[in-house]
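The values are calculated or read from the model by the stated rules, or taken from the named source; none is laboratory data. A quick note: this is a predicted structure, and the numbers were derived from the prediction, not measured. In this analysis, Cβ positions are derived from the backbone assuming ideal geometry, glycine residues included, and neighbour counts consider all displayed protein chains.
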Amino acid sequence: MTKHEFLAFLDAAHDFFGTWPPPPTLYLNLRENTPPGQARWDQQARPLIARMLKRGLLEWVPCPEARKKLPANPCGKPHLALTALGKAQLDAWNQLGCDAHTHSGHCHVRRRRFKLAG
């Protein structure tokens, strides 16, 4: 899993769920979207998340449901979200291709369609 793939996945999950997904949902969907023959994405994502948090591309935000007056199903755990810098980096990679594919010019992330489930 590349950094570009992870940011694209997290952005697609936000679009699908209408909010940043809780960690269990995020990791389940990462596992389900692992391409055949690769190590599970939920395992690959853990070190990526740590590096991207440190670089300011991601942040932990409070559970969106818990902030409502009458929460339907608050998990009480922070959710992983793209920062403005993370969104800008994703947009740049989507336009120009990511650093992992600069040698080939064939960044496949823009064509990838993720299957998400709640």
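Here are some notes:
- Subset of region 2-26 (residues that are under 17 Å from residue 51 (Cβ atoms) and either touching a Lys or Arg at 6+ places or on another chain (Cβ under 9 Å) or touching a residue at least 60 places away in the same chain (Cβ under 8 Å) (or both)): 2, 3, 4, 5, 7, 8, 9, 10
- Hey, residue 66 out of contact with any helix residue (DSSP H, G or I) (no Cβ under 9 Å at 6 or more places or on another chain), small (Gly, Ala, Ser) and modelled with pLDDT of 95 or more or not: no
- Residues located in region 1-47, provided they are outside any helix (DSSP H, G or I) and either closer than 26 Å to residue 84 by Cβ or among the hydrophobic types (A, V, I, L, M, F, W, C) (or both): 1, 2, 18, 19, 20, 21, 22, 33, 39
- Identity of the residue in region 77-96, in a helix (DSSP H, G or I) and charged (D, E, K, R), that ends up surrounded by the fewest Cβ atoms within 10 Å (Cβ to Cβ): 91
- Filter result for residue 51 (basic (Lys, Arg), at pLDDT 95 or above and either over 11 Å from the mean Cα position of the chain (by Cα) or not in a helix (DSSP H, G or I) (or both)): yes
- Any chance residue 30 is without any contact (Cβ under 8 Å) to a residue 40 or more places away in the chain and buried (at least 17 other Cβ atoms within 10 Å of the Cβ): yes
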